[in-house]
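Below: the structure, in structure tokens.
The values are calculated or read from the model by the stated rules, or taken from the named source; none is laboratory data. None of the values given here were measured: they were computed from a predicted structure. Quick reminder, even Gly has a Cβ in these numbers, built from the backbone with ideal geometry, and neighbours come from all protein chains shown. We work out accessible area using only protein heavy atoms, side chains counted, and drop any ligands, DNA or RNA first. Shrake-Rupley method; radii C 1.70, N 1.55, O 1.52, S 1.80 Å.
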Amino acid sequence: MEREIVIYPADVLKTRAEEVKEFNEEIKKLVEDMFDTMYKRGGVGLAANQVGVLKRVVVIDLHSRTEKEGKEQIVLINPEIVTQEGEVVKEEGCLSLPGLYRKVKRAAYVKVKAQNLEGEEFEIEGEGLLARALQHEIDHLNGIVFIDRLSPLQKRLALEKYRKLKRKYEKELVQNR
Ligand code: NI
């Protein structure tokens, strides 16, 4: 079931999400809904904060925009970066800041420790788009959005642009209702 995406600057996007302790049906349903929502919007990753739930849950599918959709679903519960290396600057966007894209500096490689839907621990490592998605989504769980990673000046300029985009986005939402 698709859920509504929370749009910046909502408080829930600036708040640290709580650790998941019970791996129950509620979490399974949340993950299912997060995938539905992400595919519907053409994103490659989504954090629970973005559907208004303050739990440490992330979903990623790098094939979200291709015909392979649903083939490589990654579910990360209570994820934590354990190793990171290198540096890459690349353009990034976020479903919670519709229409805004900025170049963001991220580690080129990360290793992440997380739990699956059964509560079992596993590790995942990646570079390229996967490394970027992992860092972007784990940031969300810590109440950080990608423009928080910019210099103060760049962030201010991005916010100015975003305010205009947001007005346009909200107008379109009303028209489509
Ligand atoms: Ni995002």
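From the list E32, E25, E91, E18, the one residue that fits, being open to solvent by 100 Å² or more (accessible area, probe 1.4 Å) and under 20 Å from Y101 (Cα atoms), is E91.
Of the numbered criteria (1) surrounded by 13 or more Cβ atoms within 10 Å (Cβ to Cβ); (2) at pLDDT 95 or above; (3) of a type outside the set (A, V, I, L, M); (4) over 19 Å from F146 (Cβ atoms), the one E69 fails is (2).
When L13 is tested against (1) farther than 13 Å from L141 by Cβ; (2) of a type in the set (A, V, I, L, M); (3) in a helix (DSSP H, G or I); (4) within 14 Å of the ligand (Cβ to nearest atom), only condition (1) is not met. Filtering the range 37-56 to residues that are among the charged types (D, E, K, R), surrounded by 14 or more Cβ atoms within 10 Å (Cβ to Cβ) and away from the ligand (no atom under 14 Å from the Cβ) leaves K55, R56.
Only one entry in L165, L97, L153, L157 is of a type in the set (A, V, I, L, M, F, W, C), open to solvent by less than 60 Å² (accessible area, probe 1.4 Å) and more than 12 Å from the ligand (Cβ to nearest atom), namely L165. Scanning the range 103-126 for residues that are polar (S, T, N, Q) and surrounded by 17 or more Cβ atoms within 10 Å (Cβ to Cβ) returns a single hit, Q115.
Across the range 133-147, the qualifying residues are those that are within 11 Å of the ligand (Cβ to nearest atom) and more than 9 Å from the chain's Cα centre (by Cα), and the one among them that is most open to solvent (accessible area, probe 1.4 Å) is I144.
Within 16 Å of the ligand (Cβ to nearest atom) and among the hydrophobic types (A, V, I, L, M, F, W, C) - does that describe any residue in the range 83-93? So far as the range 83-93 goes, no, none of its residues is within 16 Å of the ligand (Cβ to nearest atom) and among the hydrophobic types (A, V, I, L, M, F, W, C). Scanning the range 113-132 for residues that are within 16 Å of the ligand (Cβ to nearest atom) and over 23 Å from L150 (Cα atoms) returns no hits. Looking at I77, is it within 23 Å of E123 (Cβ to Cβ), open to solvent by less than 30 Å² (accessible area, probe 1.4 Å) and assigned to a helix (DSSP H, G or I)? Considered against the rule, which asks whether it is within 23 Å of E123 (Cβ to Cβ), open to solvent by less than 30 Å² (accessible area, probe 1.4 Å) and assigned to a helix (DSSP H, G or I), I77 comes out as no.
Residues that are within 15 Å of the ligand (Cβ to nearest atom), touching a Gly at 6+ places or on another chain (Cβ under 9 Å) and not in a strand (DSSP E or B) are absent from the range 19-26. The numbered conditions (1) touching a residue at least 60 places away in the same chain (Cβ under 8 Å); (2) under 27 Å from L173 (Cα atoms) are all true for R16 except (2).
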